[in-house]
Amino acid sequence: MTFKTPDLCDEFEAELGKTVRVVAPMFQRYGKRTSFSGEIVTLKIFEDNSLVREAFAEDGKGKVLVIDGGGSLRCALVGDQLAILAQKNGWEGAVVYGCIRDSGDINGIDIGVRALNTHPQKSIKKGVGDKNIAVTFGGVTFNPGEYLYADEDGVLVSSKTLC
């Protein structure tokens, strides 16, 4: 699927702020895919990426994992091994409200990733967190089953498919 977020904003201008929401420009771009889109699957975690591994182990075809890591800059929630697992299971991409690590390796993996920054330290593993609940960051609420569109210009969330 080919799209440009500015074109989607123009096309759905009347729906901006309602069914189509623009995420604040706060993310760095990682991964080989410069653009990606798909149905949203959410996680709410804090400095524990156990549920990220579980999610990426599932079939991700046509899906984007949105990880609300509380904006923590104290450890990484996704590394190269999880990115490889995500690619293997067909995930389109991930948006991480937190950090990643192994960014150089992730940049060579065919997946799209947006994250606040990088951090070399791995997370704890206690299996704590929530899956498929509404999460809010970047001025937008991400609901499971909605759609996310990300490219070089930004990230959009929509309650319906846009293209």
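Filtered by the rule that a residue be surrounded by 12 or more Cβ atoms within 10 Å (Cβ to Cβ) and touching a Cys at 6+ places or on another chain (Cβ under 7 Å), the stretch 121-132 gives 122, 123.
Collect the residues in the stretch 31-70 that are closer than 22 Å to residue 156 by Cα, open to solvent by 20 Å² or more (accessible area, probe 1.4 Å) and in a loop (DSSP other than H, G, I, E, B), keeping them in residue-number order. Answer for the stretch 31-70, where residues must be closer than 22 Å to residue 156 by Cα, open to solvent by 20 Å² or more (accessible area, probe 1.4 Å) and in a loop (DSSP other than H, G, I, E, B): 32, 33, 34, 35, 62, 70. Taken together, the criteria exclude residue 108 from residues that are on the phi > 0 side of the Ramachandran plot, touching a residue at least 60 places away in the same chain (Cβ under 8 Å) and open to solvent by 10 Å² or more (accessible area, probe 1.4 Å). The single residue among 126, 160 that is basic (Lys, Arg) and out of contact with any helix residue (DSSP H, G or I) (no Cβ under 8 Å at 6 or more places or on another chain) turns out to be 160. The set of residues from the stretch 132-163 being β-branched (Val, Ile, Thr) and assigned to a strand (DSSP E or B) comprises 135, 136, 140, 141, 155, 157.
For the stretch 82-102, a residue qualifies if it is more than 11 Å from the chain's Cα centre (by Cα) and touching a residue at least 12 places away in the same chain (Cβ under 8 Å), and the qualifying residues are 82, 83, 84, 85, 86, 87, 89, 90, 99, 100, 101, 102.
How many residues does the stretch 8-23 hold that are of a type in the set (A, V, I, L, M), open to solvent by 40 Å² or more (accessible area, probe 1.4 Å) and touching a strand residue (DSSP E or B) at 6+ places or on another chain (Cβ under 8 Å)? Summing the residues that are of a type in the set (A, V, I, L, M), open to solvent by 40 Å² or more (accessible area, probe 1.4 Å) and touching a strand residue (DSSP E or B) at 6+ places or on another chain (Cβ under 8 Å) in the stretch 8-23 gives 2. For residue 118, state whether it is surrounded by 13 or more Cβ atoms within 10 Å (Cβ to Cβ) and either in contact with a Gly (Cβ under 8 Å, 6 or more places away or on another chain) or not acidic (Asp, Glu) (or both). In short, yes.
The values are calculated or read from the model by the stated rules, or taken from the named source; none is laboratory data. Since the structure is predicted, the reported quantities are computational estimates derived from the model, not experimental observations. No Cβ is skipped: glycine too gets one built from the backbone with ideal geometry, and neighbour counts run over all protein chains shown. These accessible areas exclude ligands, DNA and RNA; they are computed on the full protein's heavy atoms, side chains included. Shrake-Rupley method; radii C 1.70, N 1.55, O 1.52, S 1.80 Å.
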